[in-house]
Structure formats: structure tokens, C-alpha cells
Amino acid sequence: MLHIEFVTDLGATVTVDVEGADKLLDVQRQYGRLGWTSGAVPGGGYQFPLDNESDFDWSLIGARKWTNAEGEDMVIHRGLAYRRRELEAVDSRKMKLPAAVKYSRGARGTDPEHVREKADGEFEYVTLAIFRGGKRQDRYAVPGGRAGSGPQQAARPSAPRPQPVAAARPAPVAVVEDETPF
Amino acid sequence: MLHIEFVTDLGATVTVDVEGADKLLDVQRQYGRLGWTSGAVPGGGYQFPLDNESDFDWSLIGARKWTNAEGEDMVIHRGLAYRRRELEAVDSRKMKLPAAVKYSRGARGTDPEHVREKADGEFEYVTLAIFRGGKRQDRYAVPGGRAGSGPQQAARPSAPRPQPVAAARPAPVAVVEDETPF
Amino acid sequence: MLHIEFVTDLGATVTVDVEGADKLLDVQRQYGRLGWTSGAVPGGGYQFPLDNESDFDWSLIGARKWTNAEGEDMVIHRGLAYRRRELEAVDSRKMKLPAAVKYSRGARGTDPEHVREKADGEFEYVTLAIFRGGKRQDRYAVPGGRAGSGPQQAARPSAPRPQPVAAARPAPVAVVEDETPF
Amino acid sequence: MLHIEFVTDLGATVTVDVEGADKLLDVQRQYGRLGWTSGAVPGGGYQFPLDNESDFDWSLIGARKWTNAEGEDMVIHRGLAYRRRELEAVDSRKMKLPAAVKYSRGARGTDPEHVREKADGEFEYVTLAIFRGGKRQDRYAVPGGRAGSGPQQAARPSAPRPQPVAAARPAPVAVVEDETPF
Amino acid sequence: MLHIEFVTDLGATVTVDVEGADKLLDVQRQYGRLGWTSGAVPGGGYQFPLDNESDFDWSLIGARKWTNAEGEDMVIHRGLAYRRRELEAVDSRKMKLPAAVKYSRGARGTDPEHVREKADGEFEYVTLAIFRGGKRQDRYAVPGGRAGSGPQQAARPSAPRPQPVAAARPAPVAVVEDETPF
């Protein structure tokens with residue numbers, strides 16, 4: 001017997017019994033669709049393989065996809081909206097980084113220090129998830145398959161391109177948390 | 001089987017067994033009426049749809065309504081009184097924000113840093129809940145229905161009005177926590 | 001079934017099963033007499049009605065009464081001694097506060113920031129409990145009744161008196177934590 | 001039924017079921033001998049009566065006695081070595097303190113702020129346990145009895161002596177944590 | 001019955017029932033192979049005997065060995081790569097330290113203060129595990145035995161050698177966390 005601890009959409013701490021380890025992801029999907037989350041977002045955000053981005057099942061972490069009024073791809077997690085950003089691959093003498101897709105938002109005054117990341121100037125942001133490198137894990141996908149559809153697929157970043165890396169960095173966005181559709 | 005973790009009115013950590021997910025809100029209401037709470041108030045406060053404000057069941061988060069000696073609408077949560085404030089909609093070039101109702105109190109010396117929000121000058125406050133935008137969730141309402149009654153209904157903020165936004169901001173209030181009726 | 005989480009007198013984390021909600025206070029009294037506590041002291045201390053002070057059952061929060069060598073009323077909680085202080089009612093233009101009884105101690109170097117309260121000068125103190133206003137709750141009383149006896153009764157603060165408020169403020173006390181009788 | 005939460009010698013979080021409250025110390029001894037601990041060391045260290053020091057059962061807190069290469073009495077707790085120190089009684093106009101035995105170590109860079117105590121100069125230390133005053137509790141003793149044996153007995157501090165208190169204060173010791181015998 | 005609390009590879013908080021204490025390490029290995037971890041890494045890293053380093057079963061702490069593109073021995077733990085470093089024994093007048101093997105990485109902006117250790121200059125690093133001194137514990141080894149194989153064995157540090165200690169200290173490595181193979 002397993003027991004998984006959630007924070008519900010109402011912020012309550014609730015543990016759910018699970019029959020076996022093979023049922024765990026089903027339970028996470030079932031309650032994740034209600035906006036329940038388990039555990040804290042890791043510092044720097046969840047890390048997933050890039051090849052999981054196109055059909056990632058956001059209910060696994062209690063999140064869901066959302067397209068804002070400007071048609072941008074966002075993800076809602078615990079009532080806050082995270083913007084999808086593509087990070088080009090970096091291949092310089094100082095560092096090598098494969099292409100990635102990152103979901104992040106501007107930091108709020110009430111975010112604890114250890115989740116804030118610095119960008120240009122005084123802007124700080126918080127990352128929900130980064131998809132980079134790695135090997136695809138089918139169990140992270142939406143069951144029944146939605147691969148190939150959706151805006152991510154078309155826009156997926158590929159090999160290093162000549163565009164400046166800076167263009168892919170998060171830019172200050174006022175009150176990004178207030179765009180929440182709830 | 002589910003298990004919900006509460007902090008009782010006496011500050012004790014107590015877990016209660018719940019038969020199924022469909023019984024969870026009933027259990028939250030039952031113990032919430034005693035002032036028991038589950039989980040921490042999210043940084044920046046609970047977020048609920050504005051259309052839930054008029055008949056919100058405060059027992060869901062272990063709180064209760066209270067009218068102070070001056071006839072103001074307050075909410076008591078863990079022995080502290082939060083004042084009801086209406087925030088006008090903002091529609092400027094810099095940001096767009098729908099109208100909202102916020103329950104907040106002045107910060108106390110023992111509030112941790114990550115729950116304090118800055119207002120004008122050196123004043124800091126703490127938000128319990130903000131009702132803004134979104135779509136009404138019937139399950140958040142007082143069972144049996146109290147919609148339409150109460151002072152909130154009459155005073156509900158609507159579309160942007162010419163009044164200055166500043167008027168809706170929290171103002172410094174000395175020892176707001178000491179007005180607690182217990 | 002309920003489950004209450006304690007920190008034992010030896011500092012261990014132990015959960016005790018409880019048959020029903022009506023047995024909870026009995027279990028808190030039973031283990032509280034051994035010095036076991038459940039949950040953290042709220043920031044600013046526990047809040048109880050003033051009318052519960054005379055026969056408050058300190059075992060409910062794992063504490064016990066103690067009279068020190070100078071005959072002063074103290075309370076021992078987790079090995080530290082808190083001094084009983086009477087706070088006069090305040091009725092000025094700036095604030096109104098009913099009379100109260102407070103149990104507090106001088107801050108120690110290892111107390112976390114969020115429990116420290118500022119007094120005059122550089123002195124900092126920590127509050128265990130404050131009894132003020134409210135309506136008596138019989139379930140907080142010592143079972144079988146001890147009301148009317150004890151030094152608290154005689155010394156209970158009443159309506160505003162002409163004495164200066166400053167006299168009731170906590171004064172610096174060297175090594176108050178070392179007076180612990182254990 | 002009771003349930004005690006341990007951190008194992010491998011750092012895992014493990015809860016053990018216990019039949020009744022009378023079996024709790026047995027379980028703490030059984031797992032404590034493996035180096036398992038329950039709960040955090042209280043700020044300022046565990047407090048025990050001085051009369052328990054000679055035959056204290058360190059397995060109750062997941063620690064064990066150890067004599068280092070220089071023949072000094074140490075205690076190992078979570079892989080770190082604490083040195084035994086005798087503190088003379090203090091009887092001055094400013095404070096009165098009974099004699100005590102303290103187990104402490106120099107602070108490490110990764111120790112959180114709230115466990116560090118200041119000594120002379122910039123030196124900081126961390127206390128595991130202090131034995132002072134109080135009344136002997138037989139249940140804290142090694143079962144079967146070892147009282148009267150061991151180096152502590154001989155060296156136990158007694159009434160105030162003319163030696164300077166400073167001699168009993170912790171002195172800076174480089175890499176005391178690296179003396180760990182494992 | 002025992003219950004072990006894990007953080008899964010997806011960051012969820014999950015408790016697993018274990019039949020008895022003798023089955024605990026099996027369960028830790030089983031789930032650790034999936035990248036599940038239990039408890040926090042101790043400040044300063046896990047401490048193990050040096051004689052366990054050659055065939056240490058990293059699944060016990062939810063980690064796994066990995067050789068990077070440059071052929072260096074690394075360990076992956078919670079998606080971050082730790083580099084293997086050999087620390088020479090130190091035998092000076094100021095301190096004595098036996099030889100050790102340390103697994104560490106450069107600090108990231110989101111690492112909390114209490115896990116950061118200072119190296120030369122402004123560089124900070126985080127230690128996962130240090131193998132030093134002590135007596136081999138067979139239960140920490142890979143079951144079935146892999147002792148004697150692998151690069152560690154050949155490179156194991158021995159008695160003090162004339163090389164400068166500084167050579168063994170961690171050097172700044174840009175984006176070491178981005179080398180994660182996932």
C-alpha cells in the first residue's frame with residue numbers, strides 16, 4: 001500500500017491511499033486534474049526531457065494548459081500562469097547547452113528567496129518546468145496520445161540557430177500572475 | 001480512503017480519516033466551523049472567483065464572518081481579523097486588472113517575510129483571500145444557499161468607476177489583530 | 001478515526017490514534033501532562049479568552065504551572081519558563097485594548113526571528129499565551145474545577161486603571177530560561 | 001496505537017508503529033542504537049537533569065558515547081562528534097546558575113542560524129544536550145544500570161569552586177566534525 | 001509495520017508501507033532505482049566510510065552513477081550531476097584529516113543557504129556525499145557484489161602524498177547542473 005500526500009485546490013493537506021506503485025501515476029492524473037499538487041516544485045523547476053514537451057500530461061503535476069487572450073501558450077499551476085519560452089541551444093567556448101523549452105513567470109513579492117532566479121537587470125522569475133535533453137518517457141505523456149497536435153509541436157526549438165540567445169530569455173512582464181483565468 | 005491534516009483551534013496537528021473524495025468538503029466544513037485549518041494560506045492569499053464572494057462558505061478554510069463594532073465586514077481566521085476591501089478594476093496602458101474583493105490585515109511583527117505585501121510607504125499587510133475574475137464554483141458556496149443576502153452583495157464592485165484606485169488600497173490600521181472578538 | 005501528532009518530552013515525533021473527535025481533548029490532556037506538545041506555538045502566542053485564565057488547563061498545550069523561588073507565577077513549556085504578566089486595558093485615541101494576561105519570556109539566541117517580539121530598547125521577548133477579551137470556553141478549564149482558587153484569580157486585571165501601561169510591559173530578565181526547574 | 005517518525009542512519013524518513021505508550025522508549029532505544037533519530041534537536045540542545053548524566057542512555061536520542069584518541073569523552077550524534085564540557089555553577093549578583101554538563105561542538109558552515117550559539121569572539125558552537133538541575137528520571141538511564149561507572153561519574157561538577165568560569169566555556173576546535181569515527 | 005516517506009522522481013510525496021525493519025533497505029533500493037529519495041541530504045552531505053566507496057549502492061539514496069562525455073565519474077541525484085573528487089589526507093600541525101572521496105557540484109542560485117559550502121574565492125559548492133575514514137558497512141554495497149570493478153577502485157586515494165591539497169579542491173565549473181543526462 002502506498003499513500004500520496006496532496007495539497008488540494010483549496011490548499012488543504014490530504015493524503016490518498018493507493019493500492020500499488022503501478023497505480024500511482026493514475027492517481028496523480030485523477031487528482032491533478034482537480035488542481036491538486038504533491039510535493040514542492042523543485043528549486044529551478046521540474047526537469048523533463050525535451051521530447052516529452054509536445055504531449056506532456058500537465059495533470060501529473062496538478063497543472064493545465066491555457067491559451068491567453070494574446071494566443072500565447074501558458075500553463076496554470078496553483079492559480080498562477082507560466083509562460084512558455086523557447087531557449088536556443090548554446091554552443092560557445094564557455095558553455096554548451098542543448099535547446100530547451102521553459103515555463104516561467106515573473107517573481108511575486110511573496111515568493112520565497114530560494115525559488116527566484118535572476119534575469120537581466122533587477123528582474124526575477126520563477127520556473128515551473130524546463131524540458132531539455134534527455135530521453136522521452138512515455139509514461140509522462142497524455143494517455144491516448146495527443147502527440148503531433150498543439151502549438152508546441154510547430155514551435156519546438158531545434159539545433160543552434162544564429163539568433164541571439166538573449167531573445168529567448170524571460171522578459172519582465174507586469175502582473176503576470178494576475179492574468180490567471182482561474 | 002483519504003486523510004486530511006488539520007491544525008485545530010488549539011494549534012494541535014490532527015489528521016482525520018475521510019471515506020472518499022466526495023466527502024472531503026463536508027469534513028472541511030465540519031471541522032472548519034470549529035476553526036480548524038488545513039495547509040498554509042498560499043503566499044498572496046487564497047484565490048477565488050469574484051462570483052463566489054457573496055455566499056462563500058468561510059468554514060471551508062476554517063474562517064468565519066464577523067461584523068465589528070463599526071459595522072465593517074470582517075473575517076476571522078486563526079484568531080486574526082481580516083478587513084473586507086473592494087478593489088476597483090484597473091484598465092491602463094501598463095496593466096489590466098478586473099475588479100476584486102480582498103480580505104487583508106496589517107502585518108504583525110511575527111508574520112514571516114514571505115506573507116508580507118508592501119503597500120504605500122512602509123505599511124505592510126497580509127492577504128487571507130482575494131476574489132477576482134474566474135467562474136463561480138457552486139461547491140464553494142454555503143450549503144442551502146445564502147446568496148443575495150448580506151452586505152457583500154450590495155457592495156459588490158463592478159465595472160471600472162471613476163473613483164481613484166488608491167481609495168481601495170489597504171490603509172494602515174493600528175493593532176488590527178487586537179480587535180479579534182475571539 | 002483521528003490521529004494527533006505530538007513532540008514528546010524527549011523531542012521525538014509521535015502520532016497517537018484517537019477514537020473520535022470527542023476524545024481529542026482527553027488525549028491532549030493525557031499526553032500534555034507528560035510535557036508532550038502538538039503543533040507549534042502560534043506567532044505571537046496562543047490566544048485565549050481572559051475568562052479562561054483563572055482555571056486554564058495548561059496540560060492542553062503540554063505546559064504546567066510553577067511558582068519560582070520568588071513566589072512568582074510561571075508556566076513551564078518545553079523546558080522553558082514563562083512569566084505571568086498583567087496588561088492593563090488601554091483606552092487612548094490611538095488604540096483601544098481590553099485588559100489581558102500574558103505569559104512571556106526573554107528571547108534566547110536560538111529563537112527563530114518570527115517568534116521574537118520587540119519591547120523597549122533592544123530587549124526581545126517570546127509569548128507563549130495571551131488571555132484577552134473573548135468568551136469563556138469551559139472545555140479549556142481544568143476538569144473537575146479549580147476556578148476561584150490560585151493566585152491568578154486574586155490578581156486578575158480589571159477595568160482601566162490610572163497606573164502607567166509601561167509598568168505591565170515585560171522587563172529584561174537575564175537568563176530567564178535558566179530558571180527552569182525541569 | 002502510536003507511530004514514531006525517525007530519520008534513519010541513511011537519512012530516510014521512516015515511521016514505526018508502536019503498540020502502546022509504554023513501549024515507546026523501548027522502540028526509541030532499539031532504533032536509536034542504529035543511529036536513528038526522531039525530531040530535531042531543540043534550539044539550545046536537549047535539557048536533562050544533571051543527575052541523569054552519569055548513566056544517560058544516549059540511544060534514546062540516537063546518539064552514542066565515544067572516547068577520542070586523546071581520551072576525551074565525546075558523544076556521536078548523526079555522524080558529528082560533541083565534546084563533553086563541565087560548566088561550573090555561577091553565583092553572582094547578575095545571575096545564578098547551577099553546575100551543568102554540556103555536550104557541544106564547533107559550528108559548521110552548513111549549520112542553520114537558529115542552532116548556532118555565540119561564545120567568545122567570533123567562535124560559534126552547537127549544543128546537543130545540557131544536563132543541569134532538575135530531578136533524576138530513572139527512565140532516561142541505561143537499562144540494567146551502569147550508574148557509578150565511567151569517566152563522567154568521577155568528573156561530575158559539584159558546588160561552585162574558585163576556578164574561573166571561562167575555563168569551562170567551549171574553546172574553538174578546528175574541524176571537530178572531522179574527528180567523527182563513524 | 002514501517003512506513004517510509006519518499007519524494008518520487010516526479011517530486012510527489014509518497015509513503016510506502018514496509019513489512020519489517022529487515023526489509024527496509026530492499027525497499028529503498030527498489031524505489032531508489034526509480035530516482036525516489038527519502039529525507040533531505042544532510043548539511044555537508046551524506047557521510048559514509050571510505051571503504052564503502054568502491055561498490056557503494058547509490059540506489060540507497062535515489063542516485064545513480066554516470067560517466068560524462070569527458071569520461072569523468074559522476075553521480076546523478078534528483079536530476080543534478082555531482083562530480084567525483086579525491087581529497088588527499090591532510091596531516092599538518094593545524095589539522096589532521098584522513099583521505100576521502102567527495103561527490104559535489106557547483107552551487108545554483110536556487111540552492112538554500114544552509115547547503116552551500118565555501119571554496120576558494122567566491123565559488124560555492126554543494127556536497128552530496130563524502131566517503132572518509134570509518135569501517136566498511138557491507139549493507140551499503142551493491143547486492144551480489146561489484147567490488148573491485150569500476151574506475152573508483154583504481155583511483156582510490158591512499159596515504160598522504162606530496163601533491164598539494166589544493167589540487168583536490170572543487171574548482172568552479174560553469175553550469176554543472178546542465179550536464180544532467182536525465
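A few remarks follow.
- Against the list (1) more than 11 Å from every other protein chain (Cβ to nearest Cβ); (2) buried (at least 17 other Cβ atoms within 10 Å of the Cβ); (3) among the hydrophobic types (A, V, I, L, M, F, W, C), the condition residue D:66 fails is (2).
- Residues satisfying the stated conditions in the range B:132-147, i.e. open to solvent by 40 Å² or more (accessible area, probe 1.4 Å) and away from chain A (no Cβ under 12 Å): B:138, B:143, B:144, B:145, B:146, B:147
Residues checked against (1) at pLDDT 85 or above; (2) among the charged types (D, E, K, R):
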{"site": "A:76", "(1), (2)": "yes, no"}
{"site": "A:83", "(1), (2)": "yes, yes"}
{"site": "A:87", "(1), (2)": "yes, no"}
{"site": "A:95", "(1), (2)": "no, no"}
{"site": "A:115", "(1), (2)": "no, no"}
{"site": "A:122", "(1), (2)": "no, yes"}
{"site": "A:137", "(1), (2)": "yes, no"}
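- Taking the numbered list (1) in a loop (DSSP other than H, G, I, E, B); (2) buried (at least 19 other Cβ atoms within 10 Å of the Cβ) in turn, residue B:126 passes all entries but (1).
- When the test is whether a residue is modelled with pLDDT of 90 or more and open to solvent by less than 60 Å² (accessible area, probe 1.4 Å), residue D:100 passes it.
- Extreme residue, nearest to residue C:131 (Cα to Cα), among residues of the range C:83-115 that are assigned to a strand (DSSP E or B) and among the β-branched types (Val, Ile, Thr): C:101
- Selection within the range A:93-131 - of a type in the set (D, E, K, R), more than 8 Å from chain E (Cβ to nearest Cβ) and closer than 28 Å to residue E:114 by Cβ: A:102, A:105, A:108, A:111, A:113, A:122, A:124
- Of all residues in the range A:67-82, those that are under 18 Å from residue A:125 (Cβ atoms) and in a strand (DSSP E or B) total 8.
- Residue in the range D:61-82 that is among the polar types (S, T, N, Q) and under 16 Å from residue D:141 (Cα atoms) present: no
- Those residues of the range D:1-36 which are assigned to a helix (DSSP H, G or I) and either facing another protein chain (nearest Cβ under 7 Å) or in contact with a strand residue (DSSP E or B) (Cβ under 7 Å, 6 or more places away or on another chain) (or both), in sequence order: D:21, D:24, D:27, D:28, D:31
- Residue B:110 vs. criteria in contact with a strand residue (DSSP E or B) (Cβ under 7 Å, 6 or more places away or on another chain), of a type in the set (S, T, N, Q), farther than 22 Å from residue B:59 by Cα and surrounded by 14 or more Cβ atoms within 10 Å (Cβ to Cβ): yes
- Within the range C:47-62, not a single residue is away from chain B (no Cβ under 14 Å), in a strand (DSSP E or B) and out of contact with any Ser or Thr (no Cβ under 9 Å at 6 or more places or on another chain).
- Of residues in the range D:130-144 being outside any helix (DSSP H, G or I) and among the charged types (D, E, K, R), the one nearest to residue D:96 (Cα to Cα): D:132
- Any hit, the range C:22-36, residues being open to solvent by less than 50 Å² (accessible area, probe 1.4 Å), touching a residue at least 12 places away in the same chain (Cβ under 8 Å) and more than 21 Å from residue D:3 (Cβ to Cβ): no
- Here residue B:18 fits the description: under 24 Å from residue C:1 (Cα atoms), open to solvent by less than 20 Å² (accessible area, probe 1.4 Å) and of a type in the set (Val, Ile, Thr).
- The condition (being over 30 Å from residue C:44 (Cβ atoms) and of a type in the set (Val, Ile, Thr)) is satisfied by just one residue among B:126, B:90, B:115: B:90.
The values are calculated or read from the model by the stated rules, or taken from the named source; none is laboratory data. What you see is a predicted model; the values in this text were computed from it and never measured. As a convention, Cβ positions derive from the backbone with ideal geometry for all residues, glycine included, and neighbour counts pool all protein chains shown. To get the accessible areas, we keep the full protein, side chains included, count just its heavy atoms, and leave off ligands, DNA and RNA. Shrake-Rupley method; radii C 1.70, N 1.55, O 1.52, S 1.80 Å.
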